[in-house]
Structures are given as C-alpha cells and as structure tokens.
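Shown next, in structure tokens, is the structure this report addresses.
The values are calculated or read from the model by the stated rules, or taken from the named source; none is laboratory data. All figures in this text were calculated on a predicted structure; none of them were measured in a lab. FYI the Cβ positions are ideal-geometry reconstructions off the backbone, even for glycines, and counts take in every protein chain you see.
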C-alpha cells in the first residue's frame, strides 16, 4: 500500500515509520511532506493509497489537504496531538483518528482493519462522537439525558449517574446534534426530550428529567418547549 506521511515534525515521521517497520506492516512509504503546499504537490503528481496526516502543519491545517482533493481515492488516518479536530476529520471521511504519542498496537490494529477491507470507524447516525483528552468516545444518543454548559466546556449527563466533561461549547453540540429529540431549552441547557418525565410552569418553567435532575426553561425557549409538548402529547 503506497503511503505518504504528512507531518511538520521529523521525529514524528520517523516514529511512525519505526512502528510500520516494527510490525512489518504491508505499507510502502513513498513520500514525506511537512506542509500543506508540499503535501498537495506530492499528491497531485503521485498515486497514493494511504495518507497519515497531522492536523497542524507549518502553513495551515491538514484538513486543507483533504479539501483540495474532494474526489480522492486514498484513505486518510489522522495522527495528531490535538483531539478537537476529530469531528471535522470524520466529516472529511477520514478512516481513523489517532492521538500522539501513537500506541503501536492501536496503529497495528487500525492498519490491519484497513488492509482487510473493513469500514472506517465512524459513528452511527444514532451516536455522538465526543473527543476527550484520551481519544474519542462514541455515545449512543439514547444514553444521553442532557447537556449543560460550563463556559467553554460542556457536561454530558448520561444514564446510570455518569457524567463526561468535554472541551467543546454547548453551541457546537447544538449545531452537530441532528436528532430532533435534543432541544435547547436554556442558554446553558440542551435536553433529550425522550428523557423528560415532567414539566412544571412554576418558576418560569422547570423540566423534570429521568434521573431526577431539574432543568430550568428560559423565557426565550418556553414557547418552543410547550409547542413540542403539545405536538407530541397533545398537552400544555
């Protein structure tokens, strides 16, 4: 498999090649690039099957390389020290997204999956991909009760009293959640409407959630919440 490694750190390129050689993976590294410009130049003049791609390069983002080749035939595995680009990477149909320092066994498994023709590790439509400091967690939407803003962070409250803190704003989650069950009810809150067990008009509006949490409904969103109740339950 003809392979190109794109990274602005020579040590990172060498480390990746060492892992490839360690496991005698069926990859033939035919090129190395350290910038968006040099990567685009190489890919424009050479046939490549696989690209290992860092996100932050000397002259831009690695995603710009993929955007330059919308009809590309090569697979892409992101290898980077930044987890916040994971969602965009998968939107660009990346095969996988690995965080530095790369775990040799994890890389071996990903390559074996690729060589065996298995599909990319993309979340299902009923799932939410959440980047964390340790990698990526894929959550079933049905397990999420609500999301709560904490400045530039978001708390994701799950069933069984579990909670995850994510370095992503509530607004970004609002933009990426495609399920109609997730409704913004307050500047600081998004709820899974299927997890609501009650609604009180007192105190401006309070939602009772399945885990006993009480979520305020702001004046701005109150008419939306009550309209949804009316449509779904013919009430309010």
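Summed over region 64-93, the residues that are modelled with pLDDT of 85 or more and touching a helix residue (DSSP H, G or I) at 6+ places or on another chain (Cβ under 9 Å) give a count of 13. Going by the structure shown, is residue 140 at pLDDT 85 or above, under 30 Å from residue 80 (Cβ atoms), touching a strand residue (DSSP E or B) at 6+ places or on another chain (Cβ under 7 Å) and loosely packed, with under 15 Cβ neighbours inside 10 Å? Spelling it out, residue 140 is indeed at pLDDT 85 or above, under 30 Å from residue 80 (Cβ atoms), touching a strand residue (DSSP E or B) at 6+ places or on another chain (Cβ under 7 Å) and loosely packed, with under 15 Cβ neighbours inside 10 Å. The number of residues in region 36-57 that are surrounded by 17 or more Cβ atoms within 10 Å (Cβ to Cβ) and either touching a strand residue (DSSP E or B) at 6+ places or on another chain (Cβ under 6 Å) or closer than 19 Å to residue 107 by Cα (or both) comes to 10.
Residue by residue, here is whether (1) modelled with pLDDT of 85 or more; (2) touching a strand residue (DSSP E or B) at 6+ places or on another chain (Cβ under 7 Å); (3) closer than 29 Å to residue 19 by Cβ; (4) surrounded by 15 or more Cβ atoms within 10 Å (Cβ to Cβ) holds:
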{"residue": "114", "(1), (2), (3), (4)": "yes, yes, yes, yes"}
{"residue": "117", "(1), (2), (3), (4)": "no, no, yes, no"}
{"residue": "123", "(1), (2), (3), (4)": "no, yes, yes, yes"}
{"residue": "126", "(1), (2), (3), (4)": "no, yes, no, no"}
{"residue": "129", "(1), (2), (3), (4)": "no, yes, yes, yes"}
{"residue": "136", "(1), (2), (3), (4)": "no, yes, yes, yes"}
{"residue": "146", "(1), (2), (3), (4)": "yes, yes, no, yes"}
{"residue": "149", "(1), (2), (3), (4)": "yes, no, no, yes"}
{"residue": "152", "(1), (2), (3), (4)": "yes, no, no, no"}
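Scanning region 64-82 for residues that are crowded, with 20+ Cβ neighbours inside 10 Å and either part of a strand (DSSP E or B) or out of contact with any strand residue (DSSP E or B) (no Cβ under 7 Å at 6 or more places or on another chain) (or both) yields 76, 77, 78, 79, 80. Out of all the residues in region 161-168, is one or more closer than 30 Å to residue 88 by Cα and more than 21 Å from the chain's Cα centre (by Cα)? Yes, region 161-168 contains a residue that is closer than 30 Å to residue 88 by Cα and more than 21 Å from the chain's Cα centre (by Cα).
The residues of region 1-39 that are in a helix (DSSP H, G or I) and in contact with a helix residue (DSSP H, G or I) (Cβ under 7 Å, 6 or more places away or on another chain), listed by number, are 19, 22, 36, 39. Across region 84-112, the qualifying residues are those that are in contact (Cβ under 8 Å) with a residue 60 or more places away in the chain and in contact with a strand residue (DSSP E or B) (Cβ under 9 Å, 6 or more places away or on another chain), and the one among them that is surrounded by the fewest Cβ atoms within 10 Å (Cβ to Cβ) is 84. Residue 210 meets each of the listed conditions (1) farther than 30 Å from residue 88 by Cα; (2) modelled with pLDDT under 90; (3) loosely packed, with under 15 Cβ neighbours inside 10 Å; (4) in contact with a helix residue (DSSP H, G or I) (Cβ under 9 Å, 6 or more places away or on another chain) apart from (2). Using the structure shown, decide if residue 78 is within 24 Å of the chain's Cα centre (by Cα) and without any contact (Cβ under 8 Å) to a residue 40 or more places away in the chain. Yes; evaluated as a whole, the condition is true for this residue. Counting only residues that are in contact (Cβ under 8 Å) with a residue 24 or more places away in the chain and surrounded by 15 or more Cβ atoms within 10 Å (Cβ to Cβ), region 159-175 holds 4 of them.
Count of region 140-149 residues, restricted to those that are free of Cβ contacts under 8 Å to residues at least 24 places away in the same chain and in a strand (DSSP E or B), is 1.
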